[in-house]
Each structure stands twice: as C-alpha cells, then as structure tokens.
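What follows is one structure encoded as structure tokens, with my remarks underneath.
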Amino acid sequence: MKEETVKQILNHLFSLDMQYFEENKVTQISAVIKQGANQICNELRYSQIFDKIDSYVYYLGQIYFIYTVSPTILVSMFIFSFISNLLIFYFNQKQSQILKQESEESEFKDFALDDILNNMLVIKTFGTEKREIQNLCKTIQQNKINTEKRQKYQKIANIIDNSAYDIIKIVIILQIFFYSGLQEDKALFANTLTEIIGYSYCTFTITNDFLKIFKSQPQDYYENRKKYIGKVMKLFEAVPKIKQDYESSLSETNLFQGDITFDNVSFSYPVSNDHLAQMNQQKHRDEKQKKQQLNNQETQQTSQQQVLDAAQETDSNSTEDELKQQEQDDEDVLNKQQNKQTDQLVTKNLSFQIKKGQFVAFVGTSGSGKSTIIKLIQRFYDVNSGAILLDGQNIKDVSLNKLRKSIGLVSQEPSLFDNDIEYNITYGCENDKYTQEELKYICDISGVSEFVFDPKRFPEGLKTLVGTKGTKLSGGQKQRIAIARALIKKPKILILDEATSSLDAESENTVQQYIDQLVGYKGMTIIVVAHRLSTIIKSDNIFVMKKGELKEQGTHQQLLALNGIYSKLVHHQLSFQNQEI
Ligand SMILES: Nc1ncnc2c1ncn2[C@@H]1O[C@H](COP(=O)(O)OP(=O)(O)OP(=O)(O)O)[C@@H](O)[C@H]1O
C-alpha cells in the first residue's frame with residue numbers, strides 16, 4: 001500500500017519541470033513524501049471503521065436487551081462510558097499535541113542533520129563543529145523532554161482506559177442489586193446480571209467510536225492529515241508548466257542532428273512562491289505604514305484648522321480613495337505576476353546560430369546569462385518571446401524526451417549515484433544496452449581508463465564503489481566519469497557547463513585534453529560555457545555575453561582583433577595569471 005502511494009507521488013514528481021526542484025528543497029520534499037505516504041496509509045486503514053457496521057447491528061440487539069431490563073441501567077452505562085471516553089480522549093489529545101510538536105522537531109532534526117552532512121567541508125573549514133553539535137543537541141534535548149511528557153499522558157490515558165471498564169461493571173452490579181431489592185422475581189433479575197455485564201463493552205465501544213468520529217482523535221488525526229497529507233496534496237497541486245514525457249522511448253535515429261538557432265529570444269525567470277510571499281509581506285508592511293501616515297496626517301489637520309474641516313475631509317477622502325486605488329493596483333500587479341515572469345530579462349532579444357558539429361563557447365561576466373542559455377536549450381523553462389529552433393523545429397513543438405535524449409550534459413559539479421563506476425557511466429543506457437567494448441572505448445576517450453584500470457589505485461576497476469555523491473573520487477575523476485556518462489548515450493549535442501572550472505590546474509588540463517579530443521567526434525555539436533578562456537581558444541565560434549545580451553561573436557583571433565569585451569577579458573585573465581605567478 002505504502003509502495004503504491006510513494007510510486008504515485010514519485011510519478012507526479014517526475015512529471016514536474018525543473019523549476020519546481022529549483023524552488024523547493026530536496027530534503028523538504030523527501031520528508032513530505034515519507035510522512036505523507038504514512039498518513040495516507042493510515043487514512044485508508046481508518047476508513048475501515050465503516051467495515052464495523054455488522055458489529056453495530058449486534059450491539060443494537062444488546063442495547064435493546066439492556067433497555068428491556070432497565071432503561072436506567074442503560075442510560076447510566078452510556079453516561080459512564082461517555083465520561084471515561086472523554087477523559088481518555090482528553091489525555092490522548094494532549095499526547096498527540098506533543099507528538100505533533102515532537103515530530104516537527106524530529107523533522108527539523110533530520111533537516112539539521114542532513115545539512116550538517118551536506119556541509120561537512122564548510123563546517124570543517126570554518127571550524128564550527130562545536131557549534132553544530134551544540135545546536136543539534138539542543139534540538140535532541142527538546143525532543144526528549146516532549147517524549148517524556150507524552151509518555152506521562154499516555155500512562156494516565158492507559159490507567160483510565162483500563163479502569164473505566166471495571167467502573168462501569170461495578171456501577172451495573174450496584175444498580176442491579178438496587179433493582180433486585182425492588183423486584184419480586186429476584187432469581188430472574190440475578191440471571192440477567194451476568195448477561196448485562198457481558199454486554200457492558202457495547203456502550204463503551206459505541207461511545208468510543210462515536211467520539212473517534214466527532215471528537216478529539218479525529219481532530220488530531222485531521223490535524224496530522226492537514227499537515228502531511230495537506231502537503232502531499234499541495235505537491236499534487238503543483239502542475240508542470242512544461243509537460244514532461246519521460247515515458248516514451250525513442251530510437252537513436254530519431255534524435256536531433258544538432259543545429260541550434262536562437263531567434264530573438266527574451267527570457268526572465270518565473271516568480272517563485274517564496275518571492276511572491278516576500279512581495280506580499282512587503283505589500284502589507286507598506287500598507288500599514290501608509291495607514292499610519294494617513295492617521296497622523298488626519299490628527300494634525302484636525303487640530304490645526306477646524307474651519308477647513310469640511311474641505312480637509314474631502315481631501316482625506318480623496319487620499320483614502322487614492323490609497324484604495326493604489327492597493328487595488330498593487331493587488332492587480334501581484335495577481336498578474338502570479339504564474340508570470342519577473343520584469344528582469346535575463347536574456348534580451350538573443351539571436352545566434354550553432355551549426356551541427358561545431359564547437360562553440362559562451363563567455364562573459366558572472367550573471368550574464370550563460371547557464372540560462374543552457375537551461376533554455378534543454379527547455380527547463382519556456383522563453384517569454386522569440387523561439388529556439390533545433391534542426392529548424394521550435395523546441396516547444398517537439399517531444400521533450402527527444403530533446404533531452406539528444407543532449408548530453410556535463411555540469412560544474414556532477415552528481416554521481418552511490419554505486420559503482422560502471423553503473424554511473426552506463427546510467428543513461430536504456431535496458432543496459434551496451435557492450436563491454438563500447439564501455440571500454442567510452443572510458444578511453446573520456447579519460448576514465450587512465451585511472452580506473454590502474455590496478456594499484458583501483459583494484460576493483462569499473463566495479464569500484466564511488467561512495468555518496470562520489471566522495472571516494474577526485475574532482476577530475478568525477479568529471480571524466482560525467483563526460484563518459486554523457487557520451488555513452490551518443491548525444492548529438494554535448495554541453496559542458498563550466499565542466500572544468502572547479503578543478504585544479506592539473507586536473508583541468510587532463511580533463512581539457514580529453515574534451516579537446518572530442519571535437520569532431522561523430523559530428524557532435526559541442527557547447528561549452530567557460531570562465532577560463534584558455535580552454536576555448538580552438539572553438540569555431542565564441543559568443544560573448546553581457547547582461548543577457550550577445551555583444552560579440554567570432555573565433556578567438558577575430559575577437560582579439562575586434563579589441564572589444566572579449567579582448568579585455570583575455571587581457572584581464574592574462575594579467576591576473578601573471579600576478580598569480
Ligand atoms: N533559478 C533562477 N531563478 C531566478 N533567477 C535566476 C535563476 N538562475 C539564475 N538567475 C539569474 O539570472 C541571471 C543570469 O544567471 P546565469 O546563471 O545564467 O548567469 P551566468 O552567466 O551563467 O553566471 P555565472 O558565470 O556566475 O555562472 C543572474 O542574474 C541570476 O541571478
């Protein structure tokens with residue numbers, strides 16, 4: 001049941017576009033899935049209460065019997081059952097309030113722990129181990145206090161639960177003795193004693209179930225439901241702006257050939273929910289300030305000139321009208337911005353062409369939009385205006401699967417799966433469709449063979465486990481595995497997004513040599529985003545970006561001769577390197 005729920009959630013997650021994952025923390029999504037799946041399963045179990053209809057029919061018979069013997073006994077049984085159940089629910093409620101807090105804290109503790117593990121390097125560099133331990137201990141301590149409190153309430157609820165049933169029995173016995181004193185047929189009355197005591201559980205169970213539906217437990221239950229299932233439902237409310245079609249399969253011949261055209265492309269990032277929330281908060285703060293100012297203004301005006309009251313009132317009314325109008329305008333702007341883009345264009349009227357088999361590079365200052373262009377080519381986002389064409393087809397009109405299968409990406413910090421090297425390299429091969437010769441060849445051209453087949457350092461060869469996020473490998477090794485992983489899927493376009501910029505000079509040189517050898521490989525188009533200009537000197541075309549605009553383009557020599565932005569960048573880097581030396 002749980003697997004099915006998790007599967008449905010994951011299916012939905014995979015249907016969402018990259019924007020969702022750029023806006024939401026991975027750890028939070030993971031917690032929602034885990035807790036939400038549990039709650040959904042509980043809900044399904046809870047609905048089994050309605051399966052008890054049979055038992056209720058049976059209880060009704062028992063109630064009727066007690067009623068015929070003595071309605072007073074029946075009423076007193078209900079009253080006692082009701083009171084004791086209320087008490088039990090009260091303590092259960094207390095318990096679950098704390099449980100809720102406890103689970104929030106434990107969720108927070110998990111995030112804190114994840115954060116520590118993900119930032120181990122930063123913590124060690126800054127020497128903040130002690131502070132991290134103290135912070136985590138504080139959370140754990142608070143968690144412990146709440147657990148103790150919850151256990152106390154649990155004990156009280158258990159005591160009442162156990163004794164309530166006995167108290168009801170005593171009450172029945174006392175009442176029957178009282179009645180038997182009045183009844184003539186004492187023997188008959190005594191006979192019913194055992195039967196009524198035997199039936200006493202029915203009022204207890206009925207009131208308990210009744211309260212479960214209408215009183216505190218369902219409330220707590222729905223609280224939790226709101227908390228976790230609500231979040232899961234919210235997750236299901238998220239709709240992809242770009243439909244994902246990861247299920248369709250394609251043959252290699254159907255892939256794009258690698259001609260890319262940007263035709264007057266302008267783009268700005270969509271407004272994120274966080275940003276919207278911030279804007280809302282700012283809007284409320286501004287409103288408050290305006291109202292305060294308006295009040296001050298009114299008080300001042302009244303005390304200064306009473307004669308002009310009437311005229312002033314008109315004025316202040318008009319100010320109020322203006323304020324209302326302003327508020328309305330603000331709201332309109334906010335509404336318009338929902339599901340819309342920010343005003344800040346990240347690329348502006350961008351037009352260029354990349355021909356099949358070319359080796360091109362994007363350079364420019366930080367924030368000039370280079371990585372955004374890469375995201376747009378992969379259609380992680382849709383453009384505001386203009387069009388991106390692949391082999392002459394607008395990418396909006398083609399299958400996303402075909403687009404993504406045609407592209408191999410190597411990013412700055414490639415993420416590897418906690419498995420062996422072979423698994424990571426062949427990750428993109430559908431149904432393990434690859435031969436050992438193919439794998440060996442890919443390892444050779446990507447530079448993986450250079451280290452992986454060294455029996456001293458890698459006795460397990462391709463079966464060497466890489467560790468979580470590839471921690472057992474160096475940056476250069478990880479990068480070469482990422483290149484091999486991209487190449488084995490035979491992409492028509494290979495994108496290297498600052499693939500070597502986080503490496504040291506030596507590793508960068510090694511990786512760069514292998515990248516250089518790939519130029520012209522099977523007519524593959526190679527797009528490089530580079531900071532170090534020495535790595536792109538041989539490219540067929542260099543696009544120079546500044547503040548989202550394409551300022552220059554040409555070969556290294558042509559751009560140097562132009563003596564423009566590129567030439568300045570080159571000289572800047574050269575003087576910087578000389579200084580370093
Ligand atoms: N997911 C995002 N949401 C909103 N704005 C973004 C997002 N990603 C990037 N930006 C903004 O878009 C602009 C261009 O960023 P981009 O990453 O494309 O630049 P870049 O040239 O690749 O920079 P760098 O060389 O530093 O990596 C920047 O102003 C950046 O703040």
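Would you mind finding the one in R404, R379 that is assigned to a loop (DSSP other than H, G, I, E, B) and open to solvent by less than 70 Å² (accessible area, probe 1.4 Å)?
Just a single option satisfies the conditions, and that option is R379.
Taking T372 and the conditions (1) assigned to a helix (DSSP H, G or I); (2) away from the ligand (no atom under 16 Å from the Cβ), which numbered condition does it fall short on, given that it satisfies the others?
Of the numbered conditions (1) assigned to a helix (DSSP H, G or I); (2) away from the ligand (no atom under 16 Å from the Cβ), the odd one out for T372 is (2).
Give all pairs with beta carbons closer than 7 Å in which a residue from segment 152-169 that is charged (D, E, K, R) meets a residue that is assigned to a helix (DSSP H, G or I); count only pairs at least 6 apart in sequence or on separate chains.
Qualifying pairs under 7 Å: D161/I88; K169/I197; K169/S200.
Being modelled with pLDDT of 75 or more, surrounded by 14 or more Cβ atoms within 10 Å (Cβ to Cβ) and over 30 Å from the mean Cα position of the chain (by Cα) narrows it down to one of K155, K149, so name that one.
Values: K155 fails: surrounded by 14 or more Cβ atoms within 10 Å (Cβ to Cβ).
Residue meeting the stated conditions: K149.
Checking T535 against (1) closer than 27 Å to L255 by Cα; (2) within 16 Å of the ligand (Cβ to nearest atom), which single condition isn't satisfied?
(1)
If I filter segment 519-528 for residues that are of a type in the set (S, T, N, Q) and free of Cβ contacts under 8 Å to residues at least 24 places away in the same chain, do I get at least one hit?
Looking only at segment 519-528, we keep the residues that are of a type in the set (S, T, N, Q), and these are 525.
Within this subset, residues satisfying the condition of being free of Cβ contacts under 8 Å to residues at least 24 places away in the same chain are none.
Checking segment 519-528: not a single residue is of a type in the set (S, T, N, Q) and free of Cβ contacts under 8 Å to residues at least 24 places away in the same chain.
Of the conditions (1) touching a Leu at 6+ places or on another chain (Cβ under 9 Å); (2) without any contact (Cβ under 8 Å) to a residue 60 or more places away in the chain, L503 clears all except one; give me its number.
Condition (1) is where L503 drops out.
Across segment 515-543, what is the total count of residues that are among the polar types (S, T, N, Q) and open to solvent by 60 Å² or more (accessible area, probe 1.4 Å)?
2
Being touching a residue at least 24 places away in the same chain (Cβ under 8 Å), open to solvent by less than 10 Å² (accessible area, probe 1.4 Å) and aliphatic (A, V, I, L, M) narrows it down to one residue among L439, L462, L473; which is it?
L439
Would segment 489-497 turn up any residue that is surrounded by fewer than 23 Cβ atoms within 10 Å (Cβ to Cβ) and farther than 30 Å from V346 by Cα?
yes
For segment 354-376, check the following and say yes or no: at least one residue is at pLDDT below 90 and open to solvent by less than 50 Å² (accessible area, probe 1.4 Å).
Among the residues of segment 354-376, not one is at pLDDT below 90 and open to solvent by less than 50 Å² (accessible area, probe 1.4 Å), which makes the answer no.
Go through segment 384-401 and give me each residue that's open to solvent by less than 20 Å² (accessible area, probe 1.4 Å) and either within 16 Å of the ligand (Cβ to nearest atom) or assigned to a helix (DSSP H, G or I) (or both).
Selection gives I388, I395, L400, N401.
Need at least 2 residues that are modelled with pLDDT of 85 or more and under 17 Å from G357 (Cα atoms) per element, so show me which strands (runs of 3 or more DSSP E) inside segment 463-581 make the cut, counting only ones lying wholly within it.
Numbers: elements: 493-497, 525-529, 541-546, 549-554.
Because the criterion is at least 2 residues that are modelled with pLDDT of 85 or more and under 17 Å from G357 (Cα atoms), the strands (runs of 3 or more DSSP E) in segment 463-581 that meet it are 493-497, 525-529, 541-546.
Starting from residues that are aliphatic (A, V, I, L, M) and more than 13 Å from the ligand (Cβ to nearest atom), keep the ones in segment 346-369 and report whichever is nearest to G258 (Cα to Cα).
Among residues in segment 346-369 that are aliphatic (A, V, I, L, M) and more than 13 Å from the ligand (Cβ to nearest atom), the one nearest to G258 (Cα to Cα) is I354.
If you check T535 against the conditions, is it of a type in the set (V, I, T) and more than 33 Å from the chain's Cα centre (by Cα)?
Answer is yes for this residue.
If Y423 satisfies all but one of (1) more than 15 Å from the ligand (Cβ to nearest atom); (2) in contact with a strand residue (DSSP E or B) (Cβ under 7 Å, 6 or more places away or on another chain), what's the number of the condition it fails?
Y423 satisfies every listed condition except (2).
The values are calculated or read from the model by the stated rules, or taken from the named source; none is laboratory data. Predicted, not measured: the structure shown is a model, and the values here were computed from it. Cβ coordinates were reconstructed from backbone atoms using ideal geometry, including for glycine residues, and neighbour counts include every protein chain displayed. Areas reflect the complete protein model, heavy atoms only, side chains present, ligands, DNA and RNA absent. Shrake-Rupley method; radii C 1.70, N 1.55, O 1.52, S 1.80 Å.
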